[in-house]
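Peer 1: What follows is a structure written as structure tokens; I'll ask about it next.
The values are calculated or read from the model by the stated rules, or taken from the named source; none is laboratory data. All values reported here derive from a predicted model rather than from experimental measurement. Note that we place each Cβ from the backbone using ideal geometry, even for glycine, and neighbour counts take in every protein chain shown. All accessible areas refer to the heavy atoms of the entire protein, side chains included, with ligands and DNA or RNA removed. Shrake-Rupley method; radii C 1.70, N 1.55, O 1.52, S 1.80 Å.
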Amino acid sequence: MKIAINDTFVTDNTSECESGCYFLQTKSNAKYKAPNNVHLINVHECKKLLNINENIKLIGITGTNGKTTTAAAIYETLLALGYKAGVCGTRGAFVNHKKIDAKSLTTSQILKTLEYLKIASEQECEYFIMEVSSHAIAQDRIEGLNFDLKIFTNLSQDHLDYHKSMQEYANVKNSFLSDDSAKIINIDDKYVKFNHTNAITYALKNNAIIKANEISLNSGIQATLEVLGESVKFNSSLQGEFNLYNLMAAFGAVKILTNQNAQQISNALAKFNGVEGRMQVVSQNPLVIVDFAHTPDGMEKVLNALRHLNLVVVFGAGGDRDKTKRPLMGQIAQKYARVCVVTSDNPRSEEPMSIIDEILSGMDKTNTIANPDRKEAIKIGLNKLKPNEALVILGKGDEDYQEINGIKYPFSDEKVVLELLN
């Protein structure tokens with residue numbers, strides 16, 4: 001990519017280089033030789049070149065699940081409190097209520113991130129929040145970024161096609177926590193290891209600095225939060241214990257960053273209604289919920305939060321990704337659902353029925369239907385609903401495409417549901 005600077009530009013791609021341009025040299029592109037007629041710069045020099053405000057506080061969030069919701073909750077709460085802020089991640093990039101880039105990688109290449117920080121600087125942002133994936137950590141996509149606050153949400157099985165083992169995956173995530181920057185850590189997670197210097201802990205099961213009491217999850221979330229010595233009643237429209245964890249992390253982050261009193265933060269955070277594709281209600285009658293959950297742990301958390309309902313669940317698993325999680329996803333869906341409809345997610349280069357068969361290997365065939373056509377599967381799910389039941393469609397959330405053999409075809413679970421209902 002290129003970023004224009006006066007009469008030239010900076011790039012991180014040697015094939016784009018022209019005489020007199022700037023080439024951002026990083027660990028990830030070091031194997032490519034730039035021409036002799038360009039200016040080689042590092043990340044620190046690139047920040048100066050782009051006039052990025054060094055006073056912007058950078059917040060990085062890592063974890064298997066919860067990154068997007070936690071990042072959005074911090075961003076929206078800061079804006080509600082009157083601060084200027086930006087955020088980037090799975091949903092795209094936003095600055096001061098405005099979307100500046102469409103969704104792409106969870107964590108962009110470093111030059112793209114610097115472009116976001118340049119825009120945030122121009123818009124006088126005080127804070128910038130970013131989701132940090134394990135791939136980005138392993139591939140040095142956060143090289144040269146100085147985080148003022150790091151947040152660890154949780155770790156469960158995912159990406160084993162890349163990391164090869166849970167231990168390797170955990171080691172990569174924990175490497176993000178190994179420095180002396182301020183941290184907010186979920187100590188209920190069994191995989192977390194961290195440098196205790198400057199660490200604020202949160203938990204529901206273990207003793208922590210940020211904790212919740214008097215919890216009710218029957219309709220939204222109600223709890224009394226203990227945050228850095230302050231106690232406050234808190235209410236949220238979000239559902240489920242997993243979202244209570246996300247909101248506790250967000251509450252702690254805003255408190256550390258702004259030092260506003262707990263009641264002000266509680267009032268602002270209560271206005272946050274979640275993000276598209278995360279426990280999103282797309283129809284009330286019948287009740288249809290769409291969620292991005294695409295790991296065994298993510299499915300468990302979502303379906304457990306809805307366990308008071310009779311459920312029909314439509315789901316699949318992504319192709320060219322960790323195959324070992326597929327039968328586990330089938331087991332979890334069957335644990336909670338009256339009817340399971342197993343279908344395609346993003347099959348990518350794999351044969352859809354092969355993926356479905358691997359999911360089915362973890363299930364018995366009771367009340368289980370397989371159909372690789374996702375639209376047809378959603379239609380079957382709607383037709384199987386009985387009065388006062390809910391249809392839960394998992395895996396793609398707010399994605400607006402389905403990737404098949406290298407082509408991204410337009411597809412939105414939400415739009416399909418509304419089309420079928422109308």
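Peer 1: On the basis of being modelled with pLDDT of 95 or more and either assigned to a helix (DSSP H, G or I) or surrounded by fewer than 22 Cβ atoms within 10 Å (Cβ to Cβ) (or both), does Asn273 make the cut? Quick ask: steps written out before the conclusion?
Peer 2: Values: modelled with pLDDT of 95 or more: no; either assigned to a helix (DSSP H, G or I) or surrounded by fewer than 22 Cβ atoms within 10 Å (Cβ to Cβ) (or both): yes.
It is false that Asn273 is modelled with pLDDT of 95 or more and either assigned to a helix (DSSP H, G or I) or surrounded by fewer than 22 Cβ atoms within 10 Å (Cβ to Cβ) (or both).
Peer 1: Given the conditions (1) within 24 Å of Ala212 (Cα to Cα); (2) touching a residue at least 40 places away in the same chain (Cβ under 8 Å), and given that Glu300 satisfies all but one, which numbered condition is not satisfied?
Peer 2: Every listed condition holds for Glu300 apart from (2).
Peer 1: Restricting the range 391-422 to residues that are under 15 Å from Ser104 (Cα atoms) and among the basic types (Lys, Arg), which is most open to solvent (accessible area, probe 1.4 Å)?
Peer 2: Only one residue tops the list, namely Lys408.
Peer 1: What pairs can you find where one residue is in the range 96-117 and touching a residue at least 60 places away in the same chain (Cβ under 8 Å), the other is aromatic (Phe, Trp, Tyr), and their Cβ atoms are less than 8 Å apart, with a gap of 6+ or different chains?
Peer 2: Close Cβ pairs (under 8 Å, with a partner that is aromatic (Phe, Trp, Tyr)) amount to Leu117/Phe128.
Peer 1: Limited to the range 121-145, what total is found for residues that are modelled with pLDDT of 95 or more, within 26 Å of Asn65 (Cα to Cα) and part of a helix (DSSP H, G or I)?
Peer 2: Selection size over the range 121-145: 0.
Peer 1: Please indicate, with yes or no, whether at least one residue in the range 41-52 is open to solvent by less than 70 Å² (accessible area, probe 1.4 Å), touching a Lys or Arg at 6+ places or on another chain (Cβ under 7 Å) and more than 26 Å from Ser156 (Cβ to Cβ).
Peer 2: Yes, that holds for at least one residue.
Peer 1: While we're looking at this one, here's another question. Has the range 74-88 got at least one residue that is modelled with pLDDT of 95 or more, more than 24 Å from Ala262 (Cβ to Cβ) and of a type outside the set (D, E, K, R)?
Peer 2: As a first pass, look at the range 74-88 and keep what is modelled with pLDDT of 95 or more: 74-88.
Adding the requirement that they be more than 24 Å from Ala262 (Cβ to Cβ) leaves 86, 88.
Then drop every residue that is not of a type outside the set (D, E, K, R), which leaves 86, 88.
Yes, the range 74-88 has at least one match.
Peer 1: Run down Asp320, Asp373 and say which single residue is open to solvent by 10 Å² or more (accessible area, probe 1.4 Å), in contact with a strand residue (DSSP E or B) (Cβ under 6 Å, 6 or more places away or on another chain) and in contact (Cβ under 8 Å) with a residue 12 or more places away in the chain.
Peer 2: Just a single option satisfies the conditions, and that option is Asp320.
Peer 1: What number of residues within the range 74-109 are part of a helix (DSSP H, G or I) and open to solvent by 40 Å² or more (accessible area, probe 1.4 Å)? Don't jump to the end; show me each part of the working.
Peer 2: Just the residues of the range 74-109 that are part of a helix (DSSP H, G or I), to begin with: 74-80.
From the residues that got through so far, the ones that are open to solvent by 40 Å² or more (accessible area, probe 1.4 Å) too are 76, 80.
Residues in the range 74-109 being part of a helix (DSSP H, G or I) and open to solvent by 40 Å² or more (accessible area, probe 1.4 Å): 2 in total.
Peer 1: Could I ask something else about it? How do the pairs read when you match residues in the range 209-222 that are open to solvent by less than 50 Å² (accessible area, probe 1.4 Å) with residues anywhere that are acidic (Asp, Glu), using Cβ under 9 Å and keeping only pairs 6 or more apart or on different chains?
Peer 2: Ile210/Glu226; Ala212/Glu226; Ile221/Glu241
Peer 1: Taking Asn388 as the residue in question, decide whether it is of a type outside the set (Lys, Arg), open to solvent by 30 Å² or more (accessible area, probe 1.4 Å) and at positive phi. Can you show your working first?
Peer 2: On the way: of a type outside the set (Lys, Arg): yes; open to solvent by 30 Å² or more (accessible area, probe 1.4 Å): yes; at positive phi: yes.
Answer is yes for this residue.
Peer 1: Determine whether Glu351 is charged (D, E, K, R), open to solvent by 40 Å² or more (accessible area, probe 1.4 Å) and either touching a residue at least 12 places away in the same chain (Cβ under 8 Å) or touching a Ser or Thr at 6+ places or on another chain (Cβ under 8 Å) (or both).
Peer 2: Against the criterion (charged (D, E, K, R), open to solvent by 40 Å² or more (accessible area, probe 1.4 Å) and either touching a residue at least 12 places away in the same chain (Cβ under 8 Å) or touching a Ser or Thr at 6+ places or on another chain (Cβ under 8 Å) (or both)), Glu351 does not qualify.
Peer 1: Then there is this: If you go through the range 297-317 one residue at a time, how many are open to solvent by less than 20 Å² (accessible area, probe 1.4 Å) and either at pLDDT 95 or above or of a type in the set (Asp, Glu) (or both)? Give the derivation first.
Peer 2: As a first pass, look at the range 297-317 and keep what is open to solvent by less than 20 Å² (accessible area, probe 1.4 Å): 298-299, 302-303, 305-306, 311-317.
Those still in the list that are either at pLDDT 95 or above or of a type in the set (Asp, Glu) (or both) too: 299, 303, 311-317.
Qualifying residue count, the range 297-317: 9.
Peer 1: Say we look at the range 61-73 and pick out the residues that are assigned to a loop (DSSP other than H, G, I, E, B) and on the phi < 0 side of the Ramachandran plot; which of these is modelled with the lowest pLDDT? Even if it seems obvious, please write down each step before you answer.
Peer 2: First, the residues of the range 61-73 that are assigned to a loop (DSSP other than H, G, I, E, B): 63-66.
Next, from what is left, pick out any that are on the phi < 0 side of the Ramachandran plot: 64-65.
Numbers: Thr64: 85, Asn65: 89.
Once the filter is applied, the top-ranked residue is Thr64.
Peer 1: Give the residues of the range 154-193 that are open to solvent by 20 Å² or more (accessible area, probe 1.4 Å), at pLDDT 85 or above and hydrophobic (A, V, I, L, M, F, W, C), sorted by residue number.
Peer 2: Selection gives Ala182, Ile187, Val192.
Peer 1: Only one of Ile256, Ile265 is among the aliphatic types (A, V, I, L, M), surrounded by fewer than 22 Cβ atoms within 10 Å (Cβ to Cβ), touching a residue at least 40 places away in the same chain (Cβ under 8 Å) and within 19 Å of Ala71 (Cβ to Cβ). Can you tell me which? Steps first, please.
Peer 2: Values: Ile265 fails: surrounded by fewer than 22 Cβ atoms within 10 Å (Cβ to Cβ).
Ile256 is the lone residue from the list that is among the aliphatic types (A, V, I, L, M), surrounded by fewer than 22 Cβ atoms within 10 Å (Cβ to Cβ), touching a residue at least 40 places away in the same chain (Cβ under 8 Å) and within 19 Å of Ala71 (Cβ to Cβ).
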